[in-house]
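Q: My structure is below; once you've seen it, I'll send some questions.
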Amino acid sequence: MRAKRAFTLIELMVTVAIVTVGMIYVLGALSRSVGALATSDRMIKANELLNNQIWLLDMDGRQVKPAIPVNTSGTFSAPYEGFRWARTTRDINIDFDHTWIKSLRELFSEETVSVSWEQSRRTQSVSVTRFVKARLEVP
């Protein structure tokens with residue numbers, strides 16, 4: 001009489017365990033890639049908003065009486081409710097005794113414009129620091 005060839009219960013359980021471990025790794029990688037996609041989408045939106053905000057600040061700075069204060073912040077309207085922007089300006093702080101450096105301090109300020117948002121219970125942000133023509137704060 002011939003013995004029947006079949007899988008034993010232990011062989012099937014080992015196979016199921018190997019497939020389960022493999023699926024856990026695949027699903028983990030899928031979850032991380034979805035998170036990275038969401039992060040990149042927000043970064044692209046934030047960079048676009050930052051570019052637009054810098055353009056608005058430049059256009060406002062060309063006015064005789066600029067309307068946007070030097071150090072200020074705000075939020076964006078729909079569909080960008082989760083994003084915030086901030087503008088901080090400070091004097092150039094370079095410690096040289098050259099007269100041309102002193103005149104540069106009087107003519108220019110260091111401005112940082114940033115866009116931030118909340119993601120995974122952390123604040124993320126993109127920012128640009130640049131030198132702009134100094135202006136007096138109007139009370």
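The values are calculated or read from the model by the stated rules, or taken from the named source; none is laboratory data. From a predicted model like this one, the values you see are computed outputs, not experimental measurements. Glycine also receives a Cβ, built like all others from the backbone with ideal geometry; neighbour counts cover every protein chain displayed.
Q: Pick from the range 113-139 the residues that are at pLDDT 95 or above and of a type in the set (Val, Ile, Thr): which of them is farthest from Pro69 (Cα to Cα)?
A: Val126
Q: Same structure, new question: Count, please, the residues in the range 1-49 that happen to be under 32 Å from the mean Cα position of the chain (by Cα) and β-branched (Val, Ile, Thr).
A: Final tally of qualifying residues: 5.
Q: Can we say Ala17 is in a helix (DSSP H, G or I), surrounded by 10 or more Cβ atoms within 10 Å (Cβ to Cβ) and without any contact (Cβ under 8 Å) to a residue 24 or more places away in the chain?
A: Taking the combined requirement at face value, the residue satisfies it.
Q: Can you run down the residue pairs with Cβ atoms below 7 Å, 6 or more apart or on separate chains, where the first is in the range 52-79 and in a loop (DSSP other than H, G, I, E, B) and the partner is among the aliphatic types (A, V, I, L, M) and at pLDDT 95 or above?
A: Correct list of pairs: Phe76/Leu49.
Q: Turning to a different aspect of this structure: Consider Phe96 carefully, then state whether it is over 12 Å from the mean Cα position of the chain (by Cα), at pLDDT 90 or above and of a type in the set (A, V, I, L, M, F, W, C).
A: no
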